[in-house]
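A quick write-up on the structure given underneath.
The values are calculated or read from the model by the stated rules, or taken from the named source; none is laboratory data. This structure is a prediction, so every number in the text was calculated from the model and none was measured. Counting neighbours? That spans all protein chains shown, and the Cβs are built from the backbone with ideal geometry, glycine included.
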Amino acid sequence: MNHPVPNMHTTSLYSRNRALLALFPLALAAIFTPATAFANGTRLPNQDAEATARGNAFVATADNPSAIYYNPAGLTQLSGVQVLAGSYVIETQNDYHPTTGGTVEAKREIAIIPHLYASFTPENSPLSYGLGVYSPFGQASEWPDNSGFRTIATRNEITFITIAPTIAWKISDSLSIGAGLQINSVEAKLRNGLTPVPPGELRFEGDDTSYGYNIGIMWKPSEHHVFGLNYQSRSTSHFKGSVELTSFGLSAPASVDLPFPDVITLGYSWRPTPKWNFEVGVDRTNWDLLNTATLDSALLTVPINFDWKPSYYYLFGVTRYLPDGWRVSAGYCYSQNSVPSDTFTPAVPDMSRHLASVGVGRTFGALSCYLTYQHGFKASRSVSGSPTGPAPFNQSADGRYENTINAISLSGGYAF
């Protein structure tokens, strides 16, 4: 038997609406709290094993079909028909140390994030074409019922899949441009407690299809120097679904509009000899556009405060080309925090992180493969002044959060 929240009359629609009003700003914000793997919002920037091995310093290199994501102008470097497929497999562990002492461990998450790209450059044509399928955003998290903030967040998941038809034009031997349409299928699922202990949950599910684009430029003033620029537009997901409060036996349609940010990446590649490729880059994610969203339902209208800030990736990568088609790469990435303490929720803790990676690949005939290992060094963040859960419980998520990351990425390609 489900028990009502203390001091609320479950027979009163007004009191039920007040419960929703208290719960939803934190709960809906929790869906879009930073991804399990990274700072910088819910972004997932690792969309190819070779690029990941280089710390994602790839916008001025982009010499395989994953250019569809990293810089569509890079497609003009490819010939014939090429296909590239693979997955990024990541394991994360998040721990919470409350201000009262002790440690709470989140469920260890293992996520498999696939990617698929195909490109076609007709013989003697300045145009190249591509089609990509990848996941540029996403998250999953689960905290136990005894976390101390059950009324703020328990289980959250967001799935974001992009299909990207792309075209590129080789204007000259030194300059190429490219552009792509992004068709995004987005789904969000949320569960969090109505009380500090079971039973009783708030559940939300919603989905949407949104649209965006990306534009890339690659300029090669000499064989030793290449510059790359990629812009990915913002998109807005108009989530439509339903909300349910299991303790109250109450459900209703619900909707909320939430923007996903535009991203601009600039990189420079230095190639002193054909055996070496060094690249540095900077990547800005415009989370500043995520300020206040509004949840609409038949029961109530609720503002949700985010107030996120722009954040940056600083990217460094190197590749050494060896005999017999072998190549090895290493990279480093510094990823900034996007979420201030006063709007923080523990759905997954956002914090600045240092990530290092190393990879090895080989091309043999028409086949190619690349294997990468990435490690996110143990990171921590102390939070104070974060929003509390609804009255009368007023649970707090303040404390110290820690995160570690281990990931493997594998990509395989074939040139027809």
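Descriptive notes on the structure:
- Exclusive hit being of a type outside the set (A, V, I, L, M, F, W, C) and farther than 24 Å from Gly193 by Cβ, set Ser335, Ser396: Ser335
- Gly281 under 24 Å from the mean Cα position of the chain (by Cα) and in contact (Cβ under 8 Å) with a residue 60 or more places away in the chain: yes
- The strands (runs of 3 or more DSSP E) found wholly in the stretch 186-278 and carrying at least 2 residues that are of a type in the set (A, V, I, L, M), closer than 29 Å to Phe306 by Cβ and modelled with pLDDT of 85 or more occupy 250-260, 263-270.
- Some residue of the stretch 364-374 being in contact with a strand residue (DSSP E or B) (Cβ under 7 Å, 6 or more places away or on another chain) and free of Cβ contacts under 8 Å to residues at least 40 places away in the same chain: yes
- Close pairs from the stretch 131-154: first closer than 24 Å to Leu258 by Cα, partner of a type in the set (Lys, Arg), Cβ under 7 Å, at least 6 apart: Pro136/Arg43; Phe137/Arg43; Glu142/Lys107; Glu142/Arg155; Thr154/Arg191
- Residue in the stretch 123-144 that is assigned to a loop (DSSP other than H, G, I, E, B), of a type in the set (Phe, Trp, Tyr) and either within 25 Å of Asn403 (Cβ to Cβ) or over 15 Å from the mean Cα position of the chain (by Cα) (or both) present: yes
- The stretch 292-320, residues that are farther than 28 Å from Gln374 by Cβ, among the aliphatic types (A, V, I, L, M), over 20 Å from the mean Cα position of the chain (by Cα) and part of a strand (DSSP E or B): Leu295, Val302, Ile304
- Matching residues, the stretch 267-293, being under 19 Å from Ser235 (Cα atoms) and surrounded by 13 or more Cβ atoms within 10 Å (Cβ to Cβ): Asp283, Arg284, Thr285, Asn286, Trp287, Asp288, Leu289, Leu290, Asn291, Ala293
- Every listed requirement among (1) crowded, with 16+ Cβ neighbours inside 10 Å; (2) of a type in the set (A, V, I, L, M, F, W, C); (3) over 24 Å from the mean Cα position of the chain (by Cα) is met by Phe204 save one, (3).
- Meets criteria (in contact with a His (Cβ under 7 Å, 6 or more places away or on another chain), surrounded by fewer than 22 Cβ atoms within 10 Å (Cβ to Cβ) and either at pLDDT below 95 or not β-branched (Val, Ile, Thr) (or both)) for Thr159: no
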